[in-house]
Amino acid sequence: MNVYSNILLNHRSSMTTVSINQRDGMTRQKTFLREDIIDKVIGVFMTKGYEGASVKDLVDATGLHPGSLYNAFGNKQALYQAALERFDAMSPFNRLLDLADTAPPRESIEQLLEGVVDPDLDSDGVAGCLLTYAAAEVGATNKELAKSLHMSFQRMEDRLCRFIERGQECGDFSSTRDPRDLAQFLLSTIQGIQVISKVTKEKAHFRAAADVAIKALDQVRN
């Protein structure tokens with residue numbers, strides 16, 4: 001049966017109404033949370049990447065007609081951008097970073113590193129950082145996505161820097177090193193672990209790197 005779909009987005013309620021008009025004149029409607037659709041495609045992009053994710057993969061994951069999916073988000077890149085923004089806002093790593101002004105500095109950074117070394121799998125067995133994978137895949141070829149990713153990583157660095165500043169103020173970390181330099185080092189270590197974890201599961205190596213990162217916060221500059 002030939003169908004075509006129209007999607008109306010209610011941005012205030014984040015609800016997506018899918019209207020499927022069939023050839024016999026009958027219309028069926030189904031309403032989804034926009035975030036639920038994005039959450040389903042995040043798993044696809046995490047495992048297959050941006051280029052590797054086919055329309056069929058995205059349709060199978062969401063249960064939506066291709067026309068419905070693209071009418072809602074515009075095109076594949078816009079859907080990918082929505083997935084990146086959703087991941088940026090909702091990942092446990094970034095949600096902990098959001099507590100940079102209030103959470104215990106040392107304990108929080110140790111938790112961040114532990115989460116990278118030994119991540120909890122989601123219900124689909126997917127772990128890792130979509131932002132990191134996106135930077136490695138499209139950062140050099142897609143200027144629009146690269147700009148968005150740069151802003152996300154800058155926010156991570158800023159929050160790590162705030163944790164370190166507070167840790168230095170309360171005596172958790174040595175105050176002889178510049179907190180911005182340490183934040184950049186930590187972020188580079190974290191992103192490096194996440195990239196390498198795509199090809200090896202040697203957690204002992206990652207844990208050693210995390211231990212070095214923590215020691216760098218304690219080290220007194222000569």
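Our estimate of slack between GLN184 and SER54, defined as 0.36 nm per intervening residue step minus the Cα-Cα distance, is 43.3 nm. Apply 1/(1 + (r/R0)^6) to the Cβ-Cβ distance of GLN111 and HIS65, taking R0 = 30 Å, and write down the FRET efficiency to the nearest 0.05. Efficiency for this residue pair is about 0.10. Spin-label model, ASP101 to LYS201: label points 7 Å out along the Cα-to-beta-carbon direction sit 4.1 nm apart. The Cα atoms of the stretch 119-206 cover 40, 34, 23 Å along the three principal axes, with the biggest extent listed first. Taken along its principal axes, the alpha carbon cloud of the stretch 169-222 reaches lengths of 38, 21, 19 Å, longest axis first. Net charge of the neighbourhood of ASP172, taken over other residues with C-beta under 11 Å away and scored Lys/Arg +1, Asp/Glu -1, is -3. Out of every Cα-Cα pair that the stretch 26-104 contains, those further apart than 18 angstrom amount to 45 percent. Contact order for the stretch 91-218, expressed relative to its length and based on alpha carbon pairs under 8 Å spaced 6+ residues apart, stands at 33 percent.
Cβ-to-Cβ counts within 10 Å put PHE163, PHE206 in ascending order as PHE206, PHE163, the fewest first. Phi-derived couplings, Karplus 6.51 cos²θ - 1.76 cosθ + 1.60 at θ = phi - 60°, listed residue by residue for the stretch 66-83: x, x, 5, 5, 7, 5, 6, 10, x, 6, 5, 5, 5, 5, 5, 4, 4, 5 Hz, with x used for Gly and Pro. Hey, with R₀ at 22 Å, roughly what FRET efficiency would ALA208 and SER174 work out to, going by the Cβ-Cβ distance, to 0.05? After rounding to 0.05, the efficiency reads 0.60.
Each reported figure results from applying straightforward, stated rules to the coordinates on display, with no laboratory input. Predicted model, so just to flag it, every value in this text is computed and none were measured. Cβ: placed from backbone, ideal geometry, glycine included. Neighbour counts: every protein chain shown.
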